[in-house]
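The values are calculated or read from the model by the stated rules, or taken from the named source; none is laboratory data. Model, not experiment: these values are computed from the prediction. Virtual Cβ from ideal backbone geometry, glycine too; neighbours counted across all protein chains shown. The area values use the complete protein model at the heavy-atom level, side chains included, leaving out ligands, DNA and RNA. Shrake-Rupley method; radii C 1.70, N 1.55, O 1.52, S 1.80 Å.
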Amino acid sequence: MTEIPEHLLKRSRDRRSAAGGGSDDAAGSVPAKASETAPAAAAARAAAPAPAPVAPAPKPDAPVVRAAKERRKVPFWAMVPLSLLPIWAWMYVRSVQDHPEEAAGPRAAGQVLYGKCAGCHGGDGGGGAGRQLSNAEVLKTFPAIEDQLRWMEFGTEKYKAAGIKVYGNPNREGGAHQTGSYGVMPGWAGELTPDQILAVTCYVRYDLGGADEASEEWAAEYEEWCSEEAPKYLALEEGKTFGDMEFANVGTEPREGRDSAYPAEG
Ligand code: HEC
C-alpha cells in the first residue's frame, strides 16, 4: 500500500469543505473539517444579501379540492347497487336496441346475392344490360320456378349450345324470349351453389317480380321452394343438388321450356 502524502490529503479536504460537501471521511477527520468549515460558512452568511426566506405557508386548497374534501362520501351500503349500475346500463341498452328479426330463408339470402345481378338488371329489377325482371316480367317468362332455376344455372351460352331457341315459356304473354336476343346472360352454376341459385331466384320472383306468396297462384310454389322452411331450399342447403332425384323437374341439362307449367312429355 502506498502512503498518500499529508499535503495531498489536506488539499482534498479543503476542496471538499469549500464545495460544502458532507463528509464521507473516516470519523477521525470530522473535527478537523468542522473547524475548517465554520469560518467559511460565516463568510457565506455575511456575503448573502438577505436571509433565505422561511418555507412558504402551505397553499390553501383550491375550491374544487376543498369541496371534494368536504363532500359527504358515498355511504357504504350504496356501493353494491352502484357497482351494479354498468350491468344494468348494459341490459337497458340491449333491451332498447331494436334487434330486427334475424333475416332468414332464401329471400333474405337472395337479396344479398342479387348484388351480383343488379349491375345488369338494375337494383329494383327494372332492367338495363339485362332484361327487366320487375313488374311480373320474369314471371311471364318463367311461370314455373324450375325453368328459371335451370336458366340461372346455364345461361345464354349453354342454352345456345344445346340448340334451345326460346328459353322459358314459348307462349309467353308479350312474346317468347329468344335465346341471346337481348344479350348474354352468364350461367351461374360454377359461381353460385345450388341453394344460392334458388335463393336469388326466390328474391327475383317474390321481391322484384311481385309474385304474391299469399295468392292461390303462388302459394304452393312458395311453400315448396321459397319460404323459410321450404323443403327444397333446406335440402339444397344440406348439399343436395338439382340433379338429385327430388329435383328431377329442374334437371341438370338445359332443355326447351317444358316443365310443370306446360304439358310434360311422356
Ligand atoms: C352481365 C350482365 C348480367 C348479369 C350480371 C346478370 N344477368 Fe340476367 N340477363 C342478362 C341478359 C343479357 C339477359 C337476356 C339473355 C338473353 O337474351 O339470352 C338476362 C336474362 C335474365 C333472366 C331472364 C329474364 C327474362 O324474362 O327473359 C333472368 C331471370 C335473369 N337474367 C336473372 C339474373 C340474376 C338473378 C342474376 C344474378 C345472379 C343475373 N341475371 C345476372 C344479363 C345479366
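Numerical summary
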| item | result |
| --- | --- |
| Contacts under 7 angstrom Cβ, first residue in segment 169-193 being hydrophobic (A, V, I, L, M, F, W, C), partner open to solvent by 40 Å² or more (accessible area, probe 1.4 Å) and more than 6 Å from the ligand (Cβ to nearest atom), 6 or more apart | Ala176/Pro170; Val184/Glu157 |
| Selection status of Asp98, open to solvent by less than 50 Å² (accessible area, probe 1.4 Å), under 26 Å from the mean Cα position of the chain (by Cα) and more than 12 Å from the ligand (Cβ to nearest atom) | no |
| Elements of type helices (runs of 4 or more DSSP H) contained in segment 65-175, each with 3 or more residues being modelled with pLDDT under 95 | 79-83, 85-96, 145-161 |
| Looking only at segment 188-200, and only at residues there that are in a loop (DSSP other than H, G, I, E, B) and open to solvent by 40 Å² or more (accessible area, probe 1.4 Å), the one that is farthest from Thr252 (Cα to Cα) | Glu191 |
| Filtered residue count, segment 109-131, keeping only those that are open to solvent by 40 Å² or more (accessible area, probe 1.4 Å), farther than 13 Å from Tyr167 by Cβ and near the ligand (Cβ under 7 Å from one of its atoms) | 4 |
| Residue identified as within 12 Å of the ligand (Cβ to nearest atom) and at pLDDT 95 or above among Ser181, Ser227 | Ser181 |
| Sole residue being away from the ligand (no atom under 13 Å from the Cβ), more than 26 Å from Ala189 (Cβ to Cβ), surrounded by 10 or more Cβ atoms within 10 Å (Cβ to Cβ) and of a type in the set (A, V, I, L, M), chosen from Ala68, Ala57, Ala62 | Ala68 |
| Complete set of residues in segment 152-181 that are open to solvent by less than 60 Å² (accessible area, probe 1.4 Å) and on the phi > 0 side of the Ramachandran plot | Gly155, Gly163, Gly168, Gly175, Gly180 |
